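Input: a single structure, listed below in structure tokens.
The values are calculated or read from the model by the stated rules, or taken from the named source; none is laboratory data. Small disclaimer: the values here were computed from a predicted structure and weren't measured. Positions of Cβ are backbone-derived with ideal geometry, glycine not excepted, and every protein chain shown enters the neighbour counts.
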Amino acid sequence: MSFNIVDLVKDQISDQLLGQMGGVLGTESSQTSGALSGALPGLLSGLMKSSGTPSGAGALFDAVQKQDDGMLGNIGNLLGGSESSQVASQGSSLLSSLLGSGALGQLAGVVANFAGISRGNSSSLMGMLAPIIIGVIKKKVFDGGLNADSMASMLTGQSDSINAAMPQGFSDQLQSAGFFDSIAAEPVAAVSTPQATSYEAPAAPSGGGFMKWLLPLAAVLGLGYFGMQYMNKDAATKAAADAQATATEAVQDASEAGQEALNAAQEAMPEGVDLSEITGGIEGIFGKATETFSGVTDLDSATAAVPALEDVGSQVSGLTDVIGRLPDAAKGPVGSVISNGLSALQPIIDKVIAIPGVGPILEPIVGPMLETLSSLTGG
């Protein structure tokens, strides 16, 4: 029997539930509906593409199997109560693991521009949609006795319905933003390992050219030192300390795993320039960002975090010039370090932005910072 998966998801979203979503976000009904019209087919198209690989299909099937059977029928009560922020946060984290944080951020940006809402609200809306979409897929899996492969085939078979549900020009905007190209080839629930690249070492620059290298490089090393000093401060709460330790450990583990690639890339560096110091500076920046975001729990702490996050944003902007001066052989490994750090940091950011009222305060800082970091991953 034929079906339309977009319509099946829409059937689960009553006017009352849509109003509850708008209430959580603080958006007008027209904005909520507009965002939903793009976010729903956008997410389905992303999941369809992600499940096109065995690992992606396996990750989605695992998420479907793990979701509580009663979640779909109880979503209205959850969004209408005190757990609404938690639902949105957990949904955003799940989508980030299935699609990749970069792809999810790009989709959030396109939806935000399309509907005239903040990127934080866009991300929260998609987080609230996640358990509904997963619940509908789970029902199809259960009713049809599907496995991971047949579930992926089922989604592929819905391609025409998903594309037809896209608002006019929306698919083109997704394409221009690089959404489809950046969907993770592998699930990113675990941090990926950078791979070594082959290259020919260029000649080291000399004279005034090398002095131009040192100015931005010194700035990044100073930022790295400042970031590490910041990380050594006692966290305000145990939750913040735990979040910082987890994310920082993930970045460090990824860097250790990719050390062979970094060692090889070092051979292409100008004499006297240490690539490991550059990556250490990058890790310091991510450490400061992690601790600052982890300390945001409400509107007051979000406002208090603005100066520190503006400083992080300035540090991130400073990376652009330095990385632009790296030999091509070094850009890939360094981009992988940034990508791994971004994957660890994104779920924390999503949880913070999902706190009611926090998005409008932090989004003007977070949005450009994430866009810059994504552009530096080399993806």
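Among the residues of region 318-369, the ones that are closer than 30 Å to SER84 by Cβ and among the charged types (D, E, K, R) come to 3 in all.
Do we find that ALA88 is within 21 Å of the chain's Cα centre (by Cα), surrounded by 21 or more Cβ atoms within 10 Å (Cβ to Cβ) and without any contact (Cβ under 8 Å) to a residue 24 or more places away in the chain in this structure? Against the criterion (within 21 Å of the chain's Cα centre (by Cα), surrounded by 21 or more Cβ atoms within 10 Å (Cβ to Cβ) and without any contact (Cβ under 8 Å) to a residue 24 or more places away in the chain), ALA88 does not qualify. Before we move on, is GLY116 more than 21 Å from GLY157 (Cβ to Cβ) and either modelled with pLDDT under 90 or among the charged types (D, E, K, R) (or both)? The answer is no for GLY116. With respect to the conditions (1) in contact with a Lys or Arg (Cβ under 7 Å, 6 or more places away or on another chain); (2) under 28 Å from PRO360 (Cα atoms), MET154 lacks only one, and its number is (2). Sort through GLY313, GLY295, GLY287 and tell me the only one that's within 18 Å of the chain's Cα centre (by Cα) and either of a type in the set (Lys, Arg) or surrounded by fewer than 22 Cβ atoms within 10 Å (Cβ to Cβ) (or both). Selected residue: GLY313, the only one of GLY313, GLY295, GLY287 that is within 18 Å of the chain's Cα centre (by Cα) and either of a type in the set (Lys, Arg) or surrounded by fewer than 22 Cβ atoms within 10 Å (Cβ to Cβ) (or both). Determine, yes or no, whether PRO360 is part of a loop (DSSP other than H, G, I, E, B) and modelled with pLDDT of 80 or more. So PRO360 fails the test.
Report whether or not PRO368 is at pLDDT 80 or above, assigned to a helix (DSSP H, G or I) and surrounded by fewer than 24 Cβ atoms within 10 Å (Cβ to Cβ). The answer is yes for PRO368. VAL110 meets each of the listed conditions (1) farther than 27 Å from GLU28 by Cβ; (2) modelled with pLDDT of 90 or more apart from (1). Of the set (1) more than 23 Å from the chain's Cα centre (by Cα); (2) charged (D, E, K, R); (3) surrounded by 20 or more Cβ atoms within 10 Å (Cβ to Cβ), all apply to LYS139 but (3).
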